[in-house]
Amino acid sequence: MSKLGNLGAKLYRGDVGYDFIGKRKIWYGVSILITITAILGLTVRGLNMGIEFEGGAIFTTPKTSVSAQKAEEYATEASGHEALVQELGSGGLRIQVAGVDTAKSDQIKAELSKDMDIKADDINADLVGPSWGASIANKAWQGLAIFMVLVVIYLAIAFEWRMALAALVALIHDITITVGIYALVGFEVTQGTVIGLLTILGYSLYDTVVVFDSLKEQTKGLEKQTRWTYSEVANRSINSTLVRSINTTVVALLPVGGLLFIGGGFLGAGMLNDISLSLFVGLAAGAYSSIFIATPLVADLKERDPKMKALKKRVLAKRAAAAAKAESPVVGHQADGGLDTEAEEPQDATPAGAGPAAAGPRNQPARNRGRGRPSGKRR
């Protein structure tokens, strides 16, 4: 068995583990700091909305020797806006410039024709209005709201309302971080970004439900015992599913990371960045929130239940009594010099009904009986 498999088995049995619940305030603080940074990024820098949302122009050129990077510089200089250039299979280029009108589009086309040494008539220019992108965005927000409501209802029925609330907080946490990173890095928000954001919700929810299912199984009949509190069982549930969560997340991140860093970064396929960044950040944030946010939040909410409070009090009282008993001596002299109960008990005390093999005054041999007494006969 591999080392990771051995670690997973030990985590599942509870032989080793990390105290996620006990240190939850640290992770709450980290999440709050990241969320505040994301919100500041959205407030200060804002999102770089793509042509589908702001409107603009798309220029398609015939086969040319001008590189995509050089064409991007020409288009940005001519328009005053950031341009996105994609190489086509025919050898031509597709140049997107957001936020321009018809007059500005004609001016950009003329300057591109001059800089790239292509006839203006050979450059195809299409204008895109912002209404289509706005309609897509509205539909996406509506779908997101419906998804959230259905998730809360399902989790409340399948598990309980505390888990549904914790899962909702984790989803909002993941979306906020993902959108905030888009604002900080300045990547363009396109249709692919919207698709990626909606996709990561399913991945994030999957990791959370895996931990919740383990927690539900391990807390059955929890109130009937006095060994573990709810938080301790929740911590064991996280540890028992930790390797599984890490494996599924890493396997999902590898192809997405290839699209983002190799396809979009090294190979220069910038069109892949919009969807790959949202998937990469969302998958990582989803795994983080299911371990460090959702389950600890459930434990916090559950520990406020009067039944769980009473259970925690019983568990702690039993542990305190066991600790006090372990500290006091069982055999030997006590602190005041007197003997304990076991030392004062007679060693020859024999239970009633002991067998004939037992030694003592009550079981003398028959030949010794009556010795030293008068026989009762007169001489």
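The values are calculated or read from the model by the stated rules, or taken from the named source; none is laboratory data. A quick note: this is a predicted structure, and the numbers were derived from the prediction, not measured. Heads up, the Cβs are rebuilt from the backbone with ideal geometry, glycines too, and the neighbour counts pull from every protein chain shown. Accessible surface areas use protein heavy atoms only, side chains included; no ligands, DNA or RNA. Shrake-Rupley method; radii C 1.70, N 1.55, O 1.52, S 1.80 Å.
Numbers below:
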{"item": "The one condition in (1) open to solvent by 60 Å² or more (accessible area, probe 1.4 Å); (2) not in a helix (DSSP H, G or I) that ASP121 fails to fulfil", "result": "(2)"}
{"item": "Test for GLU188: is it open to solvent by 50 Å² or more (accessible area, probe 1.4 Å), among the charged types (D, E, K, R) and in contact with a helix residue (DSSP H, G or I) (Cβ under 8 Å, 6 or more places away or on another chain)", "result": "no"}
{"item": "Close pairs from region 303-318: first under 13 Å from SER231 (Cα atoms), partner surrounded by fewer than 12 Cβ atoms within 10 Å (Cβ to Cβ) and not small (Gly, Ala, Ser), Cβ under 8 Å, at least 6 apart", "result": "VAL315/ARG227"}
{"item": "Positions within region 203-220 being more than 9 Å from the chain's Cα centre (by Cα) and of a type in the set (S, T, N, Q), in sequence order", "result": "SER214, GLN218, THR219"}
{"item": "Given (1) surrounded by fewer than 19 Cβ atoms within 10 Å (Cβ to Cβ); (2) touching an Asp or Glu at 6+ places or on another chain (Cβ under 9 Å); (3) in a helix (DSSP H, G or I), index of the condition THR43 fails", "result": "(2)"}
{"item": "Selected residue (only one of ILE177, ILE153 is farther than 24 Å from ARG94 by Cα and open to solvent by 60 Å² or more (accessible area, probe 1.4 Å))", "result": "ILE153"}
{"item": "Answer residue from region 208-229, given it is assigned to a helix (DSSP H, G or I), out of contact with any Phe, Trp or Tyr (no Cβ under 7 Å at 6 or more places or on another chain) and open to solvent by 10 Å² or more (accessible area, probe 1.4 Å) and is nearest to PRO306 (Cα to Cα) among those", "result": "GLU223"}
{"item": "Odd one out for LEU201, checked against (1) at pLDDT 85 or above; (2) open to solvent by less than 40 Å² (accessible area, probe 1.4 Å); (3) part of a helix (DSSP H, G or I)", "result": "(1)"}
{"item": "Count of residues meeting criterion [surrounded by fewer than 17 Cβ atoms within 10 Å (Cβ to Cβ) and more than 20 Å from ASP274 (Cβ to Cβ)] in region 46-63", "result": "2"}
{"item": "Residue pairs meeting the criteria (Cβ under 6 Å; at least 6 apart or on separate chains; first outside any helix (DSSP H, G or I), in region 230-245; second surrounded by fewer than 22 Cβ atoms within 10 Å (Cβ to Cβ))", "result": "THR241/VAL210; THR241/SER214"}
{"item": "Helices (runs of 4 or more DSSP H) wholly inside region 249-345 that include at least 1 residues being open to solvent by 50 Å² or more (accessible area, probe 1.4 Å) and at pLDDT below 90", "result": "273-289, 306-327, 341-344"}
{"item": "Hey, ALA183 surrounded by 15 or more Cβ atoms within 10 Å (Cβ to Cβ), at pLDDT 90 or above and of a type in the set (Gly, Ala, Ser) or not", "result": "no"}
{"item": "Conditions (1) in contact with a helix residue (DSSP H, G or I) (Cβ under 9 Å, 6 or more places away or on another chain); (2) in contact (Cβ under 8 Å) with a residue 60 or more places away in the chain; (3) not in a loop (DSSP other than H, G, I, E, B): number failed by GLN69", "result": "(1)"}
{"item": "Unique match (being in contact with a Pro (Cβ under 9 Å, 6 or more places away or on another chain), touching a residue at least 24 places away in the same chain (Cβ under 8 Å), under 29 Å from SER278 (Cα atoms) and not aliphatic (A, V, I, L, M)) among GLY92, GLY129, GLY180", "result": "GLY92"}
{"item": "Residues of region 88-106 classified as over 22 Å from GLU188 (Cβ atoms) and surrounded by 12 or more Cβ atoms within 10 Å (Cβ to Cβ), total", "result": "1"}
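Matching residues to (1) within 30 Å of ILE34 (Cβ to Cβ); (2) at pLDDT below 80:
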{"position": "LYS119", "(1), (2)": "no, no"}
{"position": "SER131", "(1), (2)": "no, yes"}
{"position": "SER135", "(1), (2)": "no, yes"}
{"position": "ALA140", "(1), (2)": "yes, yes"}
{"position": "VAL152", "(1), (2)": "yes, no"}
{"position": "PHE159", "(1), (2)": "yes, no"}
{"position": "MET163", "(1), (2)": "yes, no"}
{"position": "VAL169", "(1), (2)": "yes, no"}
{"position": "ILE175", "(1), (2)": "yes, no"}
